[in-house]
2 protein chains.
Amino acid sequence: MTKERLYLFDTTLRDGAQTQGVDFSVEDKRLIAKLLDKLGVDYVEGGYPGANPTDTNFFAEDPGLKHAVFTSFGMTKRAGRSADNDPGLAAIFESAAKACCFVAKSWDFHVDVALGITKEENIETIADTVRATVERGREAMIDAEHFFDGYKANPEFAMACLKAAIDNGARWAVLCDTNGGTLPHEITRIVSEVVKEIPGERLGIHCHNDTENAVANTLAAVNAGVRQIQGTLNGLGERCGNANMVSLIPTLLLKPEFADRFEIGVSLDQLKEITHVSRTLDELLNRAPDRYAPYVGESAFASKAGIHVSALLKDPATYEHVPPESVGNKRRVLISDQSGRSNVLAQLEAAGIDVDAKDPRVQQLLDEVKEREYLGYSYDGAEASFELLARRALGEVPDYFTVDSFRVLVERRYNAVGKLVTVSEATVKVRVEGQKLISVGEGNGPINALDEALRKDLGRYQSYIDEMRLVDFKVRILTGGTEAVTRVLIETADKSGERWFTVGVSPNIVDASFQALLDSIIYKLMRENAPAPETKRKPTLKAPASS
Amino acid sequence: MTKERLYLFDTTLRDGAQTQGVDFSVEDKRLIAKLLDKLGVDYVEGGYPGANPTDTNFFAEDPGLKHAVFTSFGMTKRAGRSADNDPGLAAIFESAAKACCFVAKSWDFHVDVALGITKEENIETIADTVRATVERGREAMIDAEHFFDGYKANPEFAMACLKAAIDNGARWAVLCDTNGGTLPHEITRIVSEVVKEIPGERLGIHCHNDTENAVANTLAAVNAGVRQIQGTLNGLGERCGNANMVSLIPTLLLKPEFADRFEIGVSLDQLKEITHVSRTLDELLNRAPDRYAPYVGESAFASKAGIHVSALLKDPATYEHVPPESVGNKRRVLISDQSGRSNVLAQLEAAGIDVDAKDPRVQQLLDEVKEREYLGYSYDGAEASFELLARRALGEVPDYFTVDSFRVLVERRYNAVGKLVTVSEATVKVRVEGQKLISVGEGNGPINALDEALRKDLGRYQSYIDEMRLVDFKVRILTGGTEAVTRVLIETADKSGERWFTVGVSPNIVDASFQALLDSIIYKLMRENAPAPETKRKPTLKAPASS
């Protein structure tokens, strides 16, 4: 049986940008667009060129997507003005967008109350906008805003709006549940009626999660005939969010009811990246990932109930609806120290550290990891720090150098020409094989200055770290209030392109950063097999008391 | 038309306790049981007496529920042993539970792999357990574990398990989607078949959220005939959670498709408490409430898109699927990059700032907001900084004082007793009405020290800010790399309990924090109507160049 093609239209960068607390920079947008392209979605809606500087800049050049169609959002032309003469449309047509999705009213109440124009004028704006888009060689589509509310109020008018788009060459007319209040059985009923007049191959669905049914509504619409799905990564979006692509894609690929009937642009191999994609987006937004998220959450394949765990160990299919590996996630059994132990052993193996499971140092390491995690450390995203910790427990890491002290100064003052400036400067005192070294660094902030000073002169080890550079720096405050503990995650790279992640925790952000910076340097020396110093030094990595 | 009764069975205290990271004390359980009773649910499943000390203690006495039936969870008796002689059942029958819900296998694969008994033995354990419960005057019901997987594999056996319960006097047989992998259309199909043999008035539904369809699956089961709904507050539960009662209850009461056909134990008045109930549970668990939660989330009725806001102001029904007051929630209009003029006007109104929409300063303010958001500012969660910006644009904020310079020092060194310590110290130079003031502060980190110094001596303004304190401090790095821009969001409170949020952005984290700290002080002075200084000063709030 030939499978039908379902198209995935991602609007993380447009409707997702409406999420309270979410602001994408141009750079964020470029990164996410590439991530989506690699995942295999068909359309990346990047924003609304002309509406704000971020989107205008993002659309100024083609982001170089390999599979996905770079798509802009926009409003249909204003009534009483020709599409060729509309400044909003002009901004879109000047952009690098290959497809344009226009929001169009399809609820008579809205046309009347919000736009204050006649129904005929509304239909004409749709027709004219779509025509102008197609004439310019772009793929045109409309988001029929409030379609379901509109259909309930005045089905003839709602249908006429869709037809104005389709009849004038729109590739898609998308049925939007803009207020998010429509329930699945209503979606089924209304879409079933719509497909009698417009083929499902020209229809899309766009749902919001205001009743927690966005995913179900989307699936109901597909079952009733639509062939384009709109959604966002992690269900970002205005109010309660949009339909969550990260839940929809695994369902479409792994559940036979859909997988047997449809083909999508994402392969089973690409599906294994979806947990990573979901968490990368959260990292970028500095949000804690939802640990209970379907398919990709840290707890999605975690079992706590004793009765479940014993059955699960006999056969995973007893308590897992899909294999965790299929979405790049992991099984977690939350029972005992025993499972903690096998966890640590698995991590050691992943780091290429060969150690006997019965070695008492494994238990010591486990105890230390538990204590540190209690303090706020997290080794999930900081494999280099974990490897250092493990190799230290096994006595494999030399104390290459000792940091005796550091000092960081941040000063805001008027400079010689009367301009208000903020200067950051750091001094670091280091001992390498008895030799005292003092270095100073400047930076655009205290951490940058500290990094500069620390990497300036490490004596005989300097050549090993010359080509290291700080790539990213992330801060998370773990508890509220002034006594908050700060966790800093640092990403470092060298010339070969290798990247590694280290972590530091302290009530003092400078201290936490220092720990992570130090780990990043020592990790590099270890990887390069830098020789141990001739005289032994005390380790310097204990978190100091703060005062 | 007479409405049919739908029963709500809450399992927050039993299945919800399986949530990773959730541990209820006996006291927690008492509090939540009362909260649920007041909300109007019909059954409160409190736990599994005999399985652990918390649950045994909780079930030792009647929690005094007024409406809800106090219900225990338990396992059916062991095969090969009489129900009268089963220690697990004995603990349940000794408890204060008025109803008992027994988990029973209904998937032949599980009976075989997990229990290792015959199908006939399984059916006998169900029948005997239910009989023993009814004999003791308790209401009996079963959770038919893995019912949907079981029905797909062997419908006769799955049905025989349900009938063994119903035929022996169980009030309810509950169809459980234990692994959470069943999709809505499958629920519809299977429940429609089940109700041909067992009346829907004796059937319940218990769904998990592993495909993000728990709410939809529950509604599908009700539409297909079941009359008991199981779920948890805030969708707590193992893995991805159970069906979310907090989403289901408003839908059942506010959406005509359900409200016209069904009656539940929760009234429209009680519904107004549901936002409070949801947040109280999070408070108890020390979890941040999900701001994007349907109906009850802080963002559930928040609008950011300019085109939405202007229509919303004309008529809320244009963009709200239900009135926020109906669930005890509030409408919110957000400021952002996307925002148009009407957004800014709404925010000005919310801040109590009276200004003519045609005032050219409104456009200036909008331009400034957009420019600042491009630089990385976000006024979404920083209403106090927005209000300051707006009132400054209107010339309403005096320059109370000037910060001439500040200096922050972070030093790690060995102290007098040879202990490694990190010391943070800040010095701030301020001018108030020509008077030069210099203050120094210490803290557990640079920001804390700066905050201490800045609030130490503001001359004549000191009394206004004496009772301010920093409550929370959030850091977000906006672009990767060392040249990253840092956004700091600060929450401040005073003695009256008022809280306000301010924002600062800079490549330098100390600078960004300084801006937010300064805003928080000036906001407080403004709110307190502190008198303007007698001599005018230049504004001090421009972000300085960094070097």
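The values are calculated or read from the model by the stated rules, or taken from the named source; none is laboratory data. Model, not experiment: these values are computed from the prediction. Note: ideal-geometry Cβ built from the backbone for every residue, glycine included; neighbour counts use all protein chains shown.
Of note:
- Candidates in the range A:347-359 are the residues that are surrounded by 10 or more Cβ atoms within 10 Å (Cβ to Cβ) and within 16 Å of A:Ala384 (Cα to Cα); of these, the one that is farthest from the chain's Cα centre (by Cα) is A:Ile353.
- Filtering the range A:223-240 to residues that are crowded, with 24+ Cβ neighbours inside 10 Å and more than 15 Å from the chain's Cα centre (by Cα) leaves A:Val226, A:Gln228, A:Ile229, A:Gln230, A:Glu238, A:Arg239, A:Cys240.
- The lone exception for B:Lys29 - which of (1) in contact with a Leu (Cβ under 6 Å, 6 or more places away or on another chain); (2) farther than 22 Å from B:Thr178 by Cβ; (3) part of a loop (DSSP other than H, G, I, E, B) it fails: (3)
- Looking only at the range B:367-396, residues that are in contact with a Lys or Arg (Cβ under 9 Å, 6 or more places away or on another chain) and within 11 Å of chain A (Cβ to nearest Cβ) come to 6 in all.
- Filtered by the rule that a residue be part of a strand (DSSP E or B) and away from every other protein chain (no Cβ under 14 Å), the range A:156-198 gives A:Trp172, A:Ala173, A:Val174, A:Leu175.
- When the range B:244-286 is filtered for residues that are more than 11 Å from every other protein chain (Cβ to nearest Cβ) and charged (D, E, K, R), the ones remaining, listed by number, are B:Asp260, B:Arg261, B:Glu263, B:Asp269, B:Lys272, B:Glu273, B:Arg279, B:Asp282, B:Glu283.
- Taking the range A:9-40 as the range and being touching a helix residue (DSSP H, G or I) at 6+ places or on another chain (Cβ under 6 Å) and closer than 21 Å to A:Val103 by Cβ as the test, the residues that pass are A:Asp10, A:Thr12, A:Leu13, A:Phe24, A:Lys29.
- Filter pass, A:Gly204 being more than 25 Å from B:Val22 (Cβ to Cβ) and surrounded by 24 or more Cβ atoms within 10 Å (Cβ to Cβ): yes
- Listed by first and then second residue, the pairs linking a residue in the range B:165-192 that is in contact (Cβ under 8 Å) with a residue 60 or more places away in the chain to a residue that is of a type in the set (Asp, Glu) and assigned to a loop (DSSP other than H, G, I, E, B), with Cβ atoms under 8 Å apart and 6 or more places separating them unless they lie on different chains, are B:Gly180/B:Asp210.
- Only one of B:Ile142, B:Ile92 that is farther than 30 Å from A:Asn217 by Cβ, touching a Leu at 6+ places or on another chain (Cβ under 9 Å) and buried (at least 19 other Cβ atoms within 10 Å of the Cβ): B:Ile142
- Selected residue (only one of B:Arg279, B:Arg291 is basic (Lys, Arg) and touching a Pro at 6+ places or on another chain (Cβ under 8 Å)): B:Arg279
- Check on B:Val362, away from every other protein chain (no Cβ under 13 Å), buried (at least 18 other Cβ atoms within 10 Å of the Cβ), more than 25 Å from the chain's Cα centre (by Cα) and at pLDDT 85 or above: yes
- A:Asn223 being of a type in the set (S, T, N, Q), at negative phi and part of a helix (DSSP H, G or I): yes
- Each residue in the range A:397-425 was checked for being within 36 Å of the chain's Cα centre (by Cα) and either among the aromatic types (Phe, Trp, Tyr) or more than 9 Å from chain B (Cβ to nearest Cβ) (or both), and 3 of them qualify.
- Residue count for the range A:77-128, restricted to those that are among the small types (Gly, Ala, Ser), closer than 16 Å to A:Ala158 by Cβ and assigned to a helix (DSSP H, G or I): 2
- In the range A:365-388, residue modelled with the highest pLDDT [restricted to those that are part of a helix (DSSP H, G or I) and among the charged types (D, E, K, R)]: A:Glu387
- Residue in the range B:116-126 that is in contact (Cβ under 8 Å) with a residue 40 or more places away in the chain, within 19 Å of B:Gly204 (Cα to Cα), touching a helix residue (DSSP H, G or I) at 6+ places or on another chain (Cβ under 6 Å) and of a type outside the set (A, V, I, L, M, F, W, C) present: no
- Pairs are defined by a Cβ separation below 6 Å, a sequence spacing of at least 6 or placement on different chains, a first member in the range A:1-28 that is within 20 Å of A:Ile264 (Cβ to Cβ) and more than 10 Å from chain B (Cβ to nearest Cβ), and a second member that is part of a strand (DSSP E or B) and of a type in the set (Val, Ile, Thr); the pairs so defined are A:Leu8/A:Ile229; A:Asp10/A:Val44; A:Thr11/A:Thr232; A:Thr12/A:Thr232; A:Gly16/A:Thr232.
- Members of the range A:41-76 that are in contact with a helix residue (DSSP H, G or I) (Cβ under 7 Å, 6 or more places away or on another chain), surrounded by 24 or more Cβ atoms within 10 Å (Cβ to Cβ) and assigned to a strand (DSSP E or B): A:Val44, A:Ser72, A:Gly74
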